[in-house]
Amino acid sequence: MEIEFMFLEAEFRKTMARRAFLKTTGLSLGSVALASLLNDKLLAADRSPTSLKSLGALNPLHFAPRAKRVIYLFMSGAPSQIDLYDPKPKLREMTGQLLPESVRLGQRITGMTSGQKYLLCVGSPFEFKRQGKCGMEISELLPHIGSVADEIALLRAVHTDPINHDPAVTYLFSGHQQPGRPALGAWVSYGLGSENSSLPAFVVMISGRGGQSLQTRYWGNGFLPSNHQGVQFRGQGDPVLFISDPPGLSHETRRRMLDHVQALNRFQLEQLNDPEIATRIDAYEMAFRMQTSVPELMDISKEPKEVLDLYGAEPGKPSFANNCLLARRLSERGVRFVKLLHRDWDHHGGLPQGIRQQASQTDKASAALIKDLKQRGLLDETLVVWGGEFGRTAYSQGNISKESFGRDHHPRCYSLWMAGGGIKGGTVFGETDDFSYNIVRDGVHINDLHATILDCLGIDHERLTYRFQGRDFRLTDVAGKVVKDILV
């Protein structure tokens with residue numbers, strides 16, 4: 001096998017030399033790019049740890065960061081803010097009555113309820129309780145999140161533009177409704193780089209069953225180099241597809257095979273100066289290092305029993321709880337952006353039972369992540385975000401009964417919370433009307449959310465740009481303002 005690779009390499013060099021003669025003259029900068037990939041100290045500035053240094057495109061950072069990394073807990077399908085975070089006593093009193101036209105104001109609704117003869121108000125069947133020293137009102141469905149109320153900033157007037165799931169999720173994670181832009185995590189990876197050479201800077205994990213389909217472009221790199229795309233870790237089998245050596249192939253043989261492939265890639269890089277080839281070289285090396293780092297990382301069986309109990313995690317049984325514990329382990333190891341996606345919050349019918357079930361699967365572990373990070377001294381440098389892609393309507397989709405009503409999509413306002421690095425805990429920001437239908441004050445647009453997340457990481461959202469097709473693109477496009485009232 002080794003002789004075959006040597007022969008192929010020699011033939012490849014001959015071919016590329018002829019092509020290179022016709023395509024280019026002079027020396028390529030490819031060798032410089034390669035040197036920076038293989039030896040981060042060669043031809044590089046001093047990377048001694050200071051508050052304004054990064055390992056990515058931003059060096060130095062725009063200002064001192066409040067946080068070093070992000071854990072985003074995405075509730076796919078859009079949980080109802082009315083039943084979890086935004087209590088509305090008047091709406092409850094008006095259950096079964098028509099939603100006033102003065103509230104709806106002719107705003108668009110989806111095709112799923114546009115054909116209903118009546119839009120009838122339906123209040124939450126769940127009680128709200130004041131939690132923590134701050135007295136934040138949170139649903140009885142979330143007692144564990146309520147126990148960390150003093151650590152979180154609850155944004156009750158978040159709003160977005162799309163009214164359907166796919167464009168809304170695309171918008172939430174890329175700042176644009178149309179596919180093709182880099183995800184938020186990819187921007188963070190590009191700007192800050194990785195703190196751990198043996199793990200990706202951007203990791204994705206999925207839990208839950210049913211609900212909306214999750215597209216890989218939700219964690220894609222868009223037009224950024226492909227090493228910034230999110231890497232999906234799995235709860236069963238190989239943590240990452242094809243990370244194990246194939247049967248009959250030793251680790252040493254795989255290393256020799258990789259060396260020959262890399263030799264071909266290096267020569268091609270020198271001839272063509274294509275940055276994507278440099279990315280490919282880096283990806284091959286990262287994959288090889290992950291063969292050692294990832295299996296140890298994903299083995300939560302060695303965690304103390306009290307930690308497993310705190311999350312409700314069970315080794316060998318994939319769950320949101322396991323993923324939250326893994327998110328802490330990833331953050332400890334310097335992964336910049338961890339995105340956990342939990343499915344099946346799309347309750348167009350049977351909402352009371354459905355939301356009760358989803359809350360029971362996510363409440364304890366979400367709070368445990370905050371508590372665990374705090375007791376390890378990591379919360380101050382880790383930003384945690386919890387929320388969906390939009391909110392739910394004050395009117396019912398379908399008939400109303402105690403255990404059988406639904407809520408349609410509502411982009412005009414919904415709730416989301418943040419905690420950790422740079423966030424002022426025990427804060428409620430924003431207010432909606434008596435129906436959680438319109439914003440009364442302090443609205444936060446998705447662009448504002450992105451600007452605030454980047455600000456916590458020491459990044460000015462207007463200055464983190466990437467030139468593509470003759471234009472300087474940024475995550476927040478031409479909008480976005482930092483929500484300074486929730487920052488310390």
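The values are calculated or read from the model by the stated rules, or taken from the named source; none is laboratory data. A quick note: this is a predicted structure, and the numbers were derived from the prediction, not measured. Neighbour counts are summed over all protein chains in view; Cβ atoms, including those assigned to glycine, are modelled from backbone coordinates with ideal geometry.
Here are some notes:
- When Ser396 is tested against (1) closer than 15 Å to Tyr72 by Cα; (2) polar (S, T, N, Q); (3) assigned to a strand (DSSP E or B), only condition (1) is not met.
- Scanning region 127-155 for residues being among the charged types (D, E, K, R), touching a Gly at 6+ places or on another chain (Cβ under 9 Å) and not in a strand (DSSP E or B) gives a total of 4.
- Test: residue in region 158-174 that is on the phi < 0 side of the Ramachandran plot, of a type in the set (D, E, K, R) and outside any loop (DSSP other than H, G, I, E, B): yes
- Within region 94-122, restricting attention to residues that are over 36 Å from the mean Cα position of the chain (by Cα) and among the charged types (D, E, K, R), the residue that is farthest from Ala149 (Cα to Cα) is Lys117.
- Flag for Gly56 being part of a loop (DSSP other than H, G, I, E, B), of a type outside the set (A, V, I, L, M) and under 25 Å from Lys117 (Cα atoms): no
- Output for region 262-283, where each listed residue is among the small types (Gly, Ala, Ser) and more than 22 Å from Leu199 (Cα to Cα): Ala263
- Sub-8 Å Cβ pairs linking a first residue in region 472-488 that is in contact (Cβ under 8 Å) with a residue 40 or more places away in the chain to a second residue that is surrounded by fewer than 18 Cβ atoms within 10 Å (Cβ to Cβ) and small (Gly, Ala, Ser), at least 6 apart or interchain, number zero.
- Pair list, Cβ under 7 Å, 6 or more apart: region 349-366 residue surrounded by fewer than 19 Cβ atoms within 10 Å (Cβ to Cβ) and at pLDDT 95 or above, other residue part of a helix (DSSP H, G or I) and not β-branched (Val, Ile, Thr): Gln361/Phe320
- Filtered by the rule that a residue be at pLDDT 95 or above and more than 30 Å from Ala368 (Cα to Cα), region 401-442 gives Phe405, Asp408, Arg412, Asp433, Asp434, Phe435, Tyr437, Asn438, Ile439, Val440, Arg441.
- Near pairs, Cβ below 8 angstrom, 6+ apart or cross-chain, from region 76-93 (in contact (Cβ under 8 Å) with a residue 60 or more places away in the chain and over 18 Å from His144 (Cβ atoms)) to any residue that is part of a loop (DSSP other than H, G, I, E, B) and among the basic types (Lys, Arg): Ser76/Arg343; Gly77/Arg343; Ile82/Lys88
- Tyr190 passes every criterion in (1) outside any loop (DSSP other than H, G, I, E, B); (2) within 27 Å of Asp299 (Cβ to Cβ) apart from (2).
So that you can scan it fast, the table gives a plain yes or no per residue for (1) within 29 Å of Ser366 (Cα to Cα); (2) free of Cβ contacts under 8 Å to residues at least 12 places away in the same chain; (3) crowded, with 19+ Cβ neighbours inside 10 Å; (4) among the β-branched types (Val, Ile, Thr):
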| position | (1), (2), (3), (4) |
| --- | --- |
| Gln268 | no, no, yes, no |
| Pro275 | no, no, no, no |
| Ile281 | no, no, yes, yes |
| Thr292 | yes, no, no, yes |
| Pro295 | yes, no, no, no |
| Val307 | yes, no, no, yes |
| Gly312 | yes, no, yes, no |
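- Residue count for region 211-267 satisfying the condition of being under 30 Å from Tyr171 (Cβ atoms), of a type in the set (Ser, Thr, Tyr) and assigned to a helix (DSSP H, G or I): 3.
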